[in-house]
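See below for the structure under consideration.
The values are calculated or read from the model by the stated rules, or taken from the named source; none is laboratory data. This is a predicted model, so every value here is computed, not measured. Here the Cβ positions follow ideal geometry from the backbone for every residue, glycine too, while neighbour counts run over all protein chains shown. Heads up: the accessible areas ignore ligands, DNA and RNA and are worked out on the full protein's heavy atoms, side chains in. Shrake-Rupley method; radii C 1.70, N 1.55, O 1.52, S 1.80 Å.
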Amino acid sequence: MNELSAIETCGTESGLYRPVSIGSVTLPGNIFLAPVAGYSDRSFRSICVDWGADFTYTEMVSSEAYVRNSVKTEKLIARTHNERRYAVQIFGANPDFMAETAVRIIERYHPECIDINAGCPMPKITKTGAGSALMRKPEKLYAVVKAVTEAVGKTEAVKRTAVPVTVKIRSGWSQAELTWKEAAAAAVDAGAVALTIHPRTCAQCYSGTADWDILAQLVQMMRGRIPVFGSGDLFSPQAAYDMLSSTKCAGVMFARGAMGNPFIFRQTRELLQTGTYSKITPADKIGTAKKELMLLCEEVGEHVACREMRKRFAAYTKGIAGGAKLREQLVQASSIQDYERILENYFVSGAAADR
């Protein structure tokens, strides 16, 4: 355990960190890694589990690509070695494709949950009628969720243990179309056993601020019928504490706040349980980034992994002494040997010393 932070950000709050049930699945805690396109691959999810994530979600999987047996899509789904519990998120607008995808994934990979994406704001997703586009058509969202829940309920795998279906939504398409109430009701009526909301509109994308009041209203609307999880503007342990205490949501889901910062899971748990959290050193950050690099090399090969890790090392090294100069070198790295040489020079130079 690292040295405790000298600043106590809040007092101990009994009960904010707690087990949570999603249908038939009981999780030991309520601090999750969100599905993040281009980021929450097996290597990063494994790192987040190491640092205390209670539940992890894959990158979103295209149902159309999966039905067509896309090799690239298959690589998004497999459980990593230390994921005792994880969810696979799928997206699409065709109920039949979504149902087939969910069944095939359950039978092959046995995830604890299937999550349906009704929140992605990216145009390449919404133009197909998927992601946040489903917020404009609650009846279509109902059809998708219903098809998935019914298909999942008939699989051989769930005859032994039911696999819950959950849904992630946004607050709506735009401020003029705030349809979160209708979408939430449609999803739950169709069989979803948990909801996550990122309370921004599709039009906002990631700009402005997330409206946590909408999250609190959704919690009240559900009245304990199902758990509601919150996402949006969670960039620190304190933000997670504030969301849990102010909205009464069942758990928090870190997305952008975990990029280059998987330490946020352990720190948040510490804050919720003790009122303080541990300091993360430059050695922690760089050592963890190196581990992620090696895991990613095993997954996709050294050439691809080293190029991908340039942006991830940039995120890991934000805020450390000498970080700007270090990043200038890391963005040129093309091999494991390059990374090792650059990082060794960084430590030898003394730049990594704690400030």
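Put one equal scatterer on each alpha carbon of the stretch 184-249, apply the Debye formula with no solvent term, and list log10 I(q)/I(0) at q = 0.18, 0.19, 0.25, 0.27 1/Å to two decimals. Taking Cα atoms of the stretch 184-249 as identical point scatterers yields -0.67, -0.73, -1.11, -1.20. Per residue, the stretch 160-295 exposes an accessible area of 36 Å² to a 1.4 Å probe, with every protein chain left in place.
Mean projected area of the convex hull spanned by the Cα atoms of the stretch 46-172, taken over all viewing directions: 7.9 nm².
Give me Rg/Rg_expected for the stretch 282-355, where Rg uses Cα atoms only and Rg_expected = 2.2 N^0.38 Å with N residues. Spell out each step's value before the answer.
On the way: Rg = 11.4 Å, N = 74, 2.2 N^0.38 = 11.3 Å.
Computed over Cα atoms of the stretch 282-355, the ratio equals 1.01.
Let me know the whole percent of all Cα-Cα pairs from the chain that are separated by more than 32 Å. Everything past 32 Å amounts to 31 percent.
Note on Asp189: accessible area approximately 90 square angstrom, rounded to 10, probe 1.4 Å, nucleic acids and ligands left out. Give the lysines whose C-alpha is closer than 25 Å to that of Lys137, dropping any in the same chain fewer than 8 places away, or say none. Answer for Lys137, where 25 Å is the Cα cut-off: Lys124, Lys127, Lys146, Lys168, Lys181, listed by chain and number.
Would you mind checking the tilt of helix 282-300 against the longest principal axis of the Cα atoms of the chain, expressed as 0 to 90 degrees and rounded to 10? Rounded to the nearest ten degrees, it is 60. The C-alpha atoms of the chain define a longest principal axis, and helix 336-348 lies at about 50 degrees to it.
Average projection, convex hull of the Cα set of the stretch 100-219: 7.4 square nanometres. In this simple spin-label approximation, Lys154 and Lys291 carry label points 7 Å from Cα along the Cα→Cβ vector, and these lie 4.4 nm apart. Coupling constants for the stretch 254-269 follow from the phi torsions by the Karplus curve (6.51 cos²θ - 1.76 cosθ + 1.60, θ = phi - 60°), and in residue order they are 7, 10, 4, x, 9, 5, x, 9, x, 5, 5, 5, 5, 5, 5, 4 Hz; glycine and proline get x.
In this view, the solvent-accessible surface of Trp173, computed with a 1.4 Å probe and all protein chains in place, comes to about 60 Å². In the stretch 14-104, one over the average inverse separation of all distinct C-alpha pairs is 14.0 Å, which is the Kirkwood hydrodynamic radius. When Rg and the Kirkwood radius Rh are both evaluated on Cα atoms of the stretch 201-333, their ratio Rg/Rh stands at 1.05.
Can you tell me which aspartates and glutamates have their Cα less than 17 Å from the Cα of Lys279? Leave out same-chain residues fewer than eight positions away. The reachable aspartates and glutamates, counting only those whose Cα sits under 17 Å from Lys279, are Glu3, Glu8, Asp50, Glu270, Asp354. Return one number: the angle in degrees, 0 to 90 and rounded to the nearest 10, between the long axis of the Cα atoms of helix 302-316 and the longest principal axis of the Cα atoms of the chain. The answer is roughly 80 degrees.
From the Kirkwood radius over Cα pairs of the stretch 130-194, Stokes-Einstein at 20 °C and 1.002 mPa s returns a whole-number translational diffusion coefficient of 176 µm²/s. Each Lys and Arg adds +1 at its Cβ and each Asp and Glu adds -1 at its Cβ; summed about the Cα centre, the chain shows a dipole of about 400 debye. Largest first and in whole Å, the equivalent-ellipsoid semi-axes of the stretch 250-316 read 27, 13, 9, each the square root of five times a Cα gyration tensor eigenvalue. Distances between every pair of Cα atoms in the stretch 44-85, grouped in 10 Å steps from 0 to the bin holding the largest one, split as 29, 43, 25, 3 percent.
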